[in-house]
Amino acid sequence: MIRERLAKTLDGDVLAPGDPGYDAARAVWNAMVDRRPRLIARCRTVADVQAAVRAGRDLGLEIGVRCGGHSVVGLAIPDDGLMIDLTPMGAVRVDPIQKRAWVQGGALLGALDRATQTHGLATTAGNVSHTGVGGLTLGGGMGWLARQYGLSCDNVVAFEMVTADGDVVRASQAENADLYWGLRGGGGNFGVVTEFEFRLHDVGTAALITELSFPIEAAGSVLRVVELSYVDLQRIDDTPQGHAIRRYWKGHYLRELSDDAIEALLHSRREPRSGGLPNIGLQAYGGAIAEVPEQDTAFAFRDTAFEYVAASRWTDPAEDDGRIALARRTAAALDPFARGQYVNTLSDEGAEGVRRAYPPDKLVRLTTLKDKYDPENVFHLNNNIRPSEQGVRRAYPPDKLVRLTTLKDKYDPENVFHLNNNIRPSEPARRLQT
C-alpha cells in the first residue's frame, strides 16, 4: 500500500481520506477550496520533508506544500496528490543578542511575533497573524514594518531548503547566492524551505495607530487614535480575515495615484443593484522597500507607490460567479494605471499573472534557477515558473527524450498542448503540418 510505504519513512503522521484529522488538515483559508489529497504527510522534521518529496516523486503523485494555507486559490492542496503539511514544524528560536530568529517552515506569523516580542524585537511579518511565514516571505512579504525595515524577504539572512531531489541546501549571500536571490520573491518554485533565519529589529512592544475604517455616510467623524501592543496590531485583522469564508481577489501595482486613477477607482465603486462590491485596499510602498536595489532580489517593482487589491468575501456558494465577476470588473477599472502585481496576490491568472509579477529580465533569471533546482517542475502548485526547454532536456536522458519526441510527433505535431514542461515536436513533424 502507498500509505504504508510512506508512513515507514516518516516520523510524522500520514493521513488518508476518512482518517481523523484528515479534513481539518486539508481545510485552508478560502472556503471555496475543497480538494482531497490522496495522502497528507504531516512532517515533523527536515528528514520527513526529504522522505515525503522522494516518495511523492517515486509514486508519481502531484506534490503540494502547505504552511498557512492562505493562497486564495488553495495552491497547496493537490487533488488526489500528496500534500506535504509543514504545520507541525512551527517552532521559532530567538537570539536577542545577535537579533536573529530561526523560524521553521510551517510557522505562522503569530508564533514569530510572540517569540520576538518577548525581547522587544520584530521583523516585517504581514498583517494577519494566522498567515504562514513561508508563503508570505517567499513571495516578498509586505507588513506594517516594511517601509521602515524592508519586506520580509529583505530581512532573511539565510534559507534551508529541501530540493526536488530530496537534498538539503542552504542559501545565503555566501552560499548558493543565486538561490538566495531567487528565494527572495520567487515563491515556492525551487523547493521546500524548512527554515528561515531572520534579521530582527528593536521596535519595542507598543504600537500607536490612527484607524480610518468607516462607511461613507460616517466620513465626517472617523478619526480616532488607538494605542495597543505590537502583537495586538499584528492580529488586528485576524477576525475579518478569518477562515471558513469564500474569497476572491484581484490586485495591481500602481506607480502613482493620479487624479485619473482616483476617478477610475471611485467610478468602480458604484453599487450595482445586486450589491456585493469587493472591498478595496491601498497599501503604501516606498521607504525601505524602494531602497533595496531592484537587481538584488527576485521581488520586483520596488518603485511601486501603492499596492491595490479588490477583495471579496461571502458565505453563500450561489454567489460565487457574481462575486468573482464583480471583483474582476472592479479591478479592471485600474488596468490602465497599473504596472506589475505582487505575486502573493495572484489568483487565477496563471502564466499571464506570473509574467505580470516579474519583468522579463527577472523571469529569465528565475527560469535559469528553475532549470538548475527543479527541471522536472516537481514544485508546480504555485505561481509557477516553468523550466525552459533546456530544463526539460536535463529532466530526461537522451534516449527517453527521443522516444517522447516521437510520441509528440505522432499525437501532437502542432504542439497544441504546450502549457506544460513542454516536449516540442521535431522539425520534420512541424513542416508536415504546414
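We did not get these values from a lab; they are worked out from the coordinates using the rules stated. Just so we're clear, the structure is a prediction, and the values are computed from it rather than from any experiment. Glycine also receives a Cβ, built like all others from the backbone with ideal geometry; neighbour counts cover every protein chain displayed.
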Which one of N383, L10, S347 has its Cα pushed farthest toward the positive end of the charge dipole of the chain, where Lys and Arg give +1 and Asp and Glu give -1 at the Cβ? L10
How large is the dipole of region 35-90 about the Cα centre if only Lys and Arg carry +1 and Asp and Glu carry -1, each at its Cβ, rounded to the nearest 20 debye? 100 debye
Per-selection Rg to Rh, region 92-202 - Cα, Kirkwood hydrodynamic radius: 0.94
Build a GNM of the chain with springs between Cα atoms under 10 Å: which of Q50, Q148, Q104 gets the top mean-square fluctuation? Q148
Calculate how large, on average over all directions, the projected area of the Cα convex hull of region 23-125 is; give the answer in nm² to one decimal. 7.2 nm²
Along the charge dipole of region 244-356, Cβ charges K/R +1 and D/E -1, which of F301, F337, A290 sits furthest on the positive end? F337
For region 291-385, what is the charge dipole size about the Cα centre, in debye to the nearest 20, if Lys and Arg each add +1 at the Cβ and Asp and Glu each add -1 at the Cβ? 140 debye
Over all Cα pairs of region 182-325, the Kirkwood radius sets Rh, and Rg/Rh then becomes 0.99
Please grab the % of Cα pairs in region 244-402 that end up more than 27 Å from each other. 38 percent
Modelled label-to-label distance, A244 and D34, 7 Å Cα→beta-carbon offset: nm? 1.5 nm
Suppose each label sits 7 Å from its Cα in the direction of the beta carbon; what would the V226-R403 distance come out to in nanometres? 6.3 nm
If you line up the long axis of helix 320-332 against the longest principal axis of the chain, both from Cα atoms, how many degrees apart are they, to the nearest 10? 70 degrees
Amide H neighbours of A158 at under 5 Å, excluding residues fewer than 5 places away on the same chain, with H built from the backbone geometry, are E197
Footprinting proxy, V416, V49: sorted fewest to most Cβ within 10 Å, the residues are V416, V49
Of region 69-99, those with amide N under 20 Å from the point 7 Å along the Cα→Cβ vector of T118 are 88-99
Please report how many Lys pairs in the chain have alpha carbons closer than 28 angstrom, counting only residues at least 8 apart along the chain or sitting on separate chains. 10
Given +1 on the Cβ of Lys and Arg, -1 on the Cβ of Asp and Glu, and no further charges, what dipole in debye does the chain carry about its Cα centre, rounded to the nearest 20? 800 debye
Which of rounded, prolate, oblate describes region 72-138, given a ≥ b ≥ c as roots of the alpha-carbon gyration tensor eigenvalues and a/c under 1.5 marking rounded, otherwise prolate only if a/b is larger than b/c? prolate
Linear extension gain, R394 paired with T205, 0.36 nm per residue minus alpha-carbon span: 62.9 nm
Two-site FRET efficiency, A351 against D80, from Cβ-Cβ distance with R₀ of 30 Å, rounded to 0.05: 0.80
In a GNM of the chain with a 10 Å cut-off on Cα contacts, which of I245, I236, I209 has the highest mean-square fluctuation? I209
With each label point set 7 Å from Cα along the Cα-Cβ vector, what nm distance links R269 and E62? 4.0 nm
